Amino acid sequence: MDQHIAGYADQISVLPGATISVMLSCEGIESYTAEMVRIINGDVNPDGPGFKTEPITAIAPITGTARAQTIHAGSFGMVAADSALELPASFSVQAFIWPTTPDKGEQTIIGRFHSGTRRGYRLGIDKAGALAFTVGSRDGDPVTVSTGVPLLAREWYLVGASYNAETRELSLHQLALSQAIPERHTSSATLAADRPAAIETSSEVPLMFAADYVGTVRGNTVGTAHFNGKIERPRLAVRALNFVEMQELAEVMPSSAARSTALAIWDFSVDIPGTTILDVSPNQLNGELIQLPVRGATGANWSGDEMSWRHRPHEYGAIHFHDDDLYDAAWDVDFTVELPANLLSGFYAVRVWHGEVEDYIPFVVKAKKPGQGARLLFVAPTASYLAYANEHMATDGQLTQLLTDKLHLFDNNDLFLAEHREYGSSTYDMHSDGSGVCYSSRLRPILNMRPKYASWLGGNQSSLWQFNADTHIVDWLEANDIDYDVITDEDIHRDGLSALAPYPVVMTGTHPEYISTRMRQSFEEYLNSSGRLIYMGGNGFYWKIAFSDSLPGVMEVRKAENGVRAWAAQPGEYYTAFTGEYSGLWRNSGKTPQQLLGTGFTAQGFDVSSPFYRRPESSDPRVAFMFEGIDDEVLGDFGLIGGGAAGLELDRADPLLGTPAHALVVASSAGHSDVYMVTNDEILVNAPTHTGTTSDLVRADMTFFETTSGGAVFSASSIAFSGSLSHADYDNNISHLVRNVVERFLNPKPFVVP
């Protein structure tokens, strides 16, 4: 058996003295050792300064017995077992459905069916992809009636089934709603005389939507036969309805006569931000959603007249379930770690190992007294880490080698994730049914958010991306003896301006791409109150996201309208379920990155990086501090990421998009290859003139401007920029320039807008 260790912590940002819980799954080993380390540089590239961690000796090593823990992916809804769920001898069950993989095998739409004992009932899809109704009791095998007609993918149907105890007849009904396929199919069967007339359910079995009941593991309900697609307006009736009666009960607001037949009338358009599913009948058979299926989804009655579920929630009464949804791995705790009360702020990790096999579980330690020690704050872009968490682009994408113009070298964790899809996906992946992944959670092992991890997507010389690339900045701060504290995106979203305000200088990571409304407002307020911002990356403040108010550690994005994206949201589903905000690009909401940072995403390419070249504005007295001791005209013609300071993703200044009129573009990159292409949100009509050798839009603009409050903004405008900091033992023009910027920004002397 191959050996592997994977784990996660219950928190990603903690204070000194806090206790964190660590969950592990170990394969092929019998024991493990764990220690806590401070992460300084996660890059193992021999051309760089080297991998650097420091053990926290105040915490004794932990040893434990290894065990494997499983992840049960796949979303479903559940109404807990209760006597109120008991049906009379005759009953009906129905729903609107929009199946996405009807040919994938048995799938349950709604039922109270135990997959092991085969007792109960379920309305679902059979192995042939047709609608089927199954009933079972302890006497004999389950009886199934099927239409025998395969359902079409991504078409709405009203489906229903009934059992008449007097006639012992099972009836099944299916109506396609599309005018192009106005097909209606029915089927029926009669129970044999020697079978019990009553349908028997087990008292411990809950009613479930989009899955069958397996049992419980670690106290959590586990499902199988997961349904892929949307379910809307499910109903239970206390007698055998004919199909006309089912159609009456299926109305958004059923008549009183129809309601009188109902045991439960679930309305998925109520409380869309939450995970509760409400029964609006007097019985109130409410339930909960497991593993976070997609809400705010258009229903069978969506008119297209309104794009926001907040305005017409009754047209958004569908929930999109997936057999690979994952919010919480729900592993048991293997051990806890109590952090020392005097721990410095920074990047930390619990290192777990056995022989040559290891895993690092990173987290951030914040300052106990913000701003009273370090005066520079580094913001770890954890929302972006989540957006790319466990992505499968290289193993799943058909064009990624063309995108990068190179063969991919896979990290061991990439290969593990390709085989273990239960570990969940990134917002750059597709669900098994072809729909985009709009949620990403940290309550699972995130195997590409690790020191030593080398991404397939990076430049030639060092494939660093996201978390590990940000350790280049941390390493540079340490090498230059610059005191700093660290917080996360979640901290800013939760605490707002108060998370930033104690620090005169805030520094971003290399790729702060995903930003919530609260985060963006906090940065605006910070700059309006004399704050100084050092933007050390590229493609920042690009996607508008939402965090849940009730579920910890999960973000949501809808890839709407335009932008560089791996999938596009369905029409009408551009608004997040968590907050009801329009998602997509911040630019589409009139809040461009240029307004805050001076620059915004303009091009990307993944072969080699280029240098910056100084522009005449670099001689302006306003930026004399920046170039003190620097005579070079070429900046960053070296680096660990693609061999230059300008690479991967590039930002440019543009007054039409909000770059302040007084901003100075002190240097711009040039010489990018044709692998670099202009972002599609910059293009109205596609043409062969949008590449590195043909378009002036393919460049990174190093930019500076002052704010009216006495603050200032410096923008590096390139993801690869940080890879140049350590060149020549940190003695290079990029390192000197950033050092000059940090020293001037820490100087309390106000900046003045010219």
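The values are calculated or read from the model by the stated rules, or taken from the named source; none is laboratory data. Just so you know, these numbers come straight off a predicted model, no measurement behind them. Every residue, glycine as well, gets a Cβ built from its backbone with ideal geometry; the counts of neighbours run over all protein chains shown.
Being assigned to a strand (DSSP E or B) and touching a helix residue (DSSP H, G or I) at 6+ places or on another chain (Cβ under 8 Å) is the filter; apply it to segment 141-161 and report the residue that is farthest from THR117 (Cα to Cα). Explain how you work it out, then say what you get.
In the first step, residues of segment 141-161 are kept if they are assigned to a strand (DSSP E or B); the result is 143-150, 157-161.
Of the ones still in play, those that are also touching a helix residue (DSSP H, G or I) at 6+ places or on another chain (Cβ under 8 Å) are 150, 158, 160.
Working: PRO150: 27, LEU158: 29, GLY160: 24 Å.
Per the stated criteria, the residue is LEU158.
For residues that are at pLDDT 95 or above and out of contact with any helix residue (DSSP H, G or I) (no Cβ under 6 Å at 6 or more places or on another chain), tally how many sit in segment 551-567. Give the derivation first.
Start the filter on segment 551-567 by keeping residues that are at pLDDT 95 or above, which leaves 551-559.
Then keep just the ones that are out of contact with any helix residue (DSSP H, G or I) (no Cβ under 6 Å at 6 or more places or on another chain); that gives 551-554, 556-559.
The total comes to 8.
Can you tell me how many residues in segment 438-466 are among the aromatic types (Phe, Trp, Tyr), touching a helix residue (DSSP H, G or I) at 6+ places or on another chain (Cβ under 8 Å) and modelled with pLDDT of 95 or more?
The total comes to 0.
Check off (1) surrounded by 20 or more Cβ atoms within 10 Å (Cβ to Cβ); (2) over 17 Å from ALA499 (Cα atoms) for ASN342 and give me the number that stays unchecked.
Status for ASN342: all satisfied but (1).
Which condition breaks for ILE62 when tested against (1) of a type in the set (Val, Ile, Thr); (2) over 30 Å from ASP495 (Cβ atoms); (3) touching a Leu at 6+ places or on another chain (Cβ under 8 Å)?
Among (1) of a type in the set (Val, Ile, Thr); (2) over 30 Å from ASP495 (Cβ atoms); (3) touching a Leu at 6+ places or on another chain (Cβ under 8 Å), the lone unmet condition for ILE62 is (3).
What strands (runs of 3 or more DSSP E), lying completely within segment 6-85, carry at least 1 residues that are touching a helix residue (DSSP H, G or I) at 6+ places or on another chain (Cβ under 7 Å)? Break it down stepwise before answering.
Numbers: elements: 19-27, 31-41, 52-55, 62-65, 76-79.
Per the criteria, 31-41, 52-55, 76-79.
Among all residue pairs at least 6 apart or on different chains, which show Cβ distances below 8 Å where the first residue, located in segment 664-685, is at positive phi and in the same structural domain as ALA700 (by TED's automatic domain parsing) and the second is crowded, with 16+ Cβ neighbours inside 10 Å and of a type outside the set (S, T, N, Q)?
Listed pairs, sorted by first residue: GLY671/PRO611; GLY671/GLY692.
Any chance you could count how many residues in segment 38-65 are under 25 Å from TYR423 (Cα atoms) and buried (at least 19 other Cβ atoms within 10 Å of the Cβ)?
Selection size over segment 38-65: 3.
Determine whether segment 450-461 contains at least one residue that is surrounded by fewer than 18 Cβ atoms within 10 Å (Cβ to Cβ) and polar (S, T, N, Q).
Initial filter on segment 450-461 (surrounded by fewer than 18 Cβ atoms within 10 Å (Cβ to Cβ)): 452, 460.
Adding the requirement that they be polar (S, T, N, Q) leaves 460.
Scanning segment 450-461, I find at least one residue that is surrounded by fewer than 18 Cβ atoms within 10 Å (Cβ to Cβ) and polar (S, T, N, Q), so the answer is yes.
Considering only segment 178-219, how many residues are touching a residue at least 40 places away in the same chain (Cβ under 8 Å), surrounded by fewer than 18 Cβ atoms within 10 Å (Cβ to Cβ) and within 30 Å of PRO282 (Cβ to Cβ)?
So the answer is 7.
Mind counting the residues in segment 574-631 that are buried (at least 17 other Cβ atoms within 10 Å of the Cβ), outside any helix (DSSP H, G or I) and among the charged types (D, E, K, R)?
Qualifying residue count, segment 574-631: 4.
Restricting attention to segment 72-94, and to residues there that are crowded, with 24+ Cβ neighbours inside 10 Å and touching a Lys or Arg at 6+ places or on another chain (Cβ under 9 Å), which single residue is nearest to VAL159 (Cα to Cα)? I'd like the intermediate steps shown before the answer.
So the first thing to find is which residues in segment 72-94 are crowded, with 24+ Cβ neighbours inside 10 Å, and the list is 74-77, 92-94.
Still in the list and also touching a Lys or Arg at 6+ places or on another chain (Cβ under 9 Å): 92-94.
Details: SER92: 11, VAL93: 9, GLN94: 6 Å.
Going through the qualifying residues, I end up with GLN94.
Pull out all pairs, ordered by first then second residue, where Cβ-Cβ is under 6 Å, the residues are six or more apart or on different chains, the first lies in segment 135-164 and is without any contact (Cβ under 8 Å) to a residue 40 or more places away in the chain, and the second is among the basic types (Lys, Arg).
From residues that are without any contact (Cβ under 8 Å) to a residue 40 or more places away in the chain, the pairs are PRO142/ARG118.
Can you work out which of the residues in segment 681-709 that are crowded, with 23+ Cβ neighbours inside 10 Å and part of a loop (DSSP other than H, G, I, E, B) is modelled with the lowest pLDDT?
GLY692
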